[in-house]
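> Sharing a structure here in structure tokens format.
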Amino acid sequence: MKRLWLFILLLGTTVYGAEPKTYKPQTQRTPAQYLSTDALKVTDTCPGADIINSFNCTKNQPAGFTCFDVYRVQGDPMDKDRYTLLDQTLTTEEVTAEPKCNFDGELTCEHFLQALKYNLDFSWFIANFPSSSFPECGKTYTCTRIACWKTLQDTSYGAPQAQKLSCVFKKNQIYFLGSQITCEDKNAPSKK
């Protein structure tokens, strides 16, 4: 009788242990790639199309499911996207050109920003930090006005004349990254 119970116990253990393991989703990501600072230029193809948070596979996605996940990051974007131009003015005044525009070519804010290597944090060209005049600046306080001067030929009566380039930039502090997602079964036998 003891042998019969032992046989039944072993048989039950073998049958129970032979049950397949349930699907346990695991998220595999490709290395993240920089996309943009503009939310309208990114598309998330994962369920929910959430461009704010990253996506993780659930039991609702079968093994082998793929999608492109977009998510928001706070920090400094790439140089070309670091600032958004809000205002550019070019005026002529009877003054000495100081500080001088230290770049060649046309007097534009784009050229000015490139000459400063996309860094306005510690520039001696900073004129002020506008806020109330630009709604984009009022809440975040991330706007900077920079200005420089280019000497023109003296007028006929000898007074110095200069062109003033004034630019207002808003610093972008949010950008989007994207990764290709593949859902895998963590309990699946490894392929070697």
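> Go through the residues of segment 136-146 one by one and say whether even a single one is in a helix (DSSP H, G or I) and at pLDDT 90 or above.
No; the residues of segment 136-146 include none that is in a helix (DSSP H, G or I) and at pLDDT 90 or above.
> Test each condition in (1) among the hydrophobic types (A, V, I, L, M, F, W, C); (2) within 18 Å of the chain's Cα centre (by Cα); (3) over 25 Å from Lys170 (Cβ atoms); (4) not in a strand (DSSP E or B) for Cys57 and report the one that comes out false.
Condition not satisfied by Cys57: (2).
> Continuing with this model, one more query. Six or more apart or on different chains, Cβ under 7 Å: which pairs go from a residue in segment 80-108 that's within 21 Å of Ile174 (Cβ to Cβ) to one that's open to solvent by 60 Å² or more (accessible area, probe 1.4 Å) and assigned to a loop (DSSP other than H, G, I, E, B)? Could you list them?
Close Cβ pairs satisfying both conditions: Arg82/Asp76.
> Can you find a residue in segment 69-79 that is open to solvent by less than 80 Å² (accessible area, probe 1.4 Å), charged (D, E, K, R) and under 16 Å from Thr182 (Cα atoms)?
If we filter segment 69-79 for residues that are open to solvent by less than 80 Å² (accessible area, probe 1.4 Å), which is where we start, we get 69-71, 73, 75, 77, 79.
From the residues that got through so far, the ones that are charged (D, E, K, R) too are 69, 79.
In the following step, the residues that additionally are under 16 Å from Thr182 (Cα atoms) were identified as 69.
Yes, the conditions are met somewhere in segment 69-79.
> With the checklist (1) at pLDDT below 90; (2) touching a Cys at 6+ places or on another chain (Cβ under 8 Å); (3) aliphatic (A, V, I, L, M) in hand, flag the one item Ile8 doesn't pass.
Looking at each condition in turn, Ile8 falls short on (2).
> Sticking with this one: So in segment 165-191, with the set limited to residues that are more than 30 Å from Arg82 (Cα to Cα) and of a type in the set (Ser, Thr, Tyr), which one is farthest from the chain's Cα centre (by Cα)? Talk me through it step by step, then tell me what you get.
First, the residues of segment 165-191 that are more than 30 Å from Arg82 (Cα to Cα): 182-191.
Applying the additional criterion that residues be of a type in the set (Ser, Thr, Tyr) yields 182, 190.
Values: Thr182: 23, Ser190: 36 Å.
Among them, the one singled out is Ser190.
> Could you look through segment 60-80, keep only residues that are in a loop (DSSP other than H, G, I, E, B) and farther than 28 Å from Lys21 by Cα, and pick out the one that is nearest to the chain's Cα centre (by Cα)? First the steps, then the outcome.
Of the residues in segment 60-80, the ones in a loop (DSSP other than H, G, I, E, B) are 60-65, 75-78.
Filter once more, keeping what is farther than 28 Å from Lys21 by Cα: 75-78.
Working: Gly75: 7, Asp76: 7, Pro77: 5, Met78: 8 Å.
By that ranking, first place goes to Pro77.
> A further question on this structure: Can you tell me how many residues within segment 29-49 are open to solvent by 60 Å² or more (accessible area, probe 1.4 Å), in a loop (DSSP other than H, G, I, E, B) and not polar (S, T, N, Q)?
Summing the residues that are open to solvent by 60 Å² or more (accessible area, probe 1.4 Å), in a loop (DSSP other than H, G, I, E, B) and not polar (S, T, N, Q) in segment 29-49 gives 3.
> Among Leu86, Leu40, which is more than 17 Å from the chain's Cα centre (by Cα) and of a type in the set (A, V, I, L, M)?
Values: Leu40 fails: more than 17 Å from the chain's Cα centre (by Cα).
Result of the check over Leu86, Leu40: Leu86.
> Here is a follow-up. Mind listing whichever residues of segment 89-110 are open to solvent by less than 90 Å² (accessible area, probe 1.4 Å) and within 33 Å of the chain's Cα centre (by Cα)? Explain how you work it out, then say what you get.
Of segment 89-110, the ones open to solvent by less than 90 Å² (accessible area, probe 1.4 Å) are 89-93, 95, 97, 99, 101, 103, 105, 107-109.
Hits for segment 89-110 are Thr89, Leu90, Pro99, Cys101, Phe103, Gly105, Leu107, Thr108, Cys109.
The values are calculated or read from the model by the stated rules, or taken from the named source; none is laboratory data. As the structure is a prediction and not an experimental result, all values here were calculated from the model. Here Cβ is always computed from backbone atoms with ideal geometry, including for glycine, and neighbour counts include all displayed protein chains. Remember, those area values only see protein heavy atoms, side chains included, never the ligands or the DNA or RNA. Shrake-Rupley method; radii C 1.70, N 1.55, O 1.52, S 1.80 Å.
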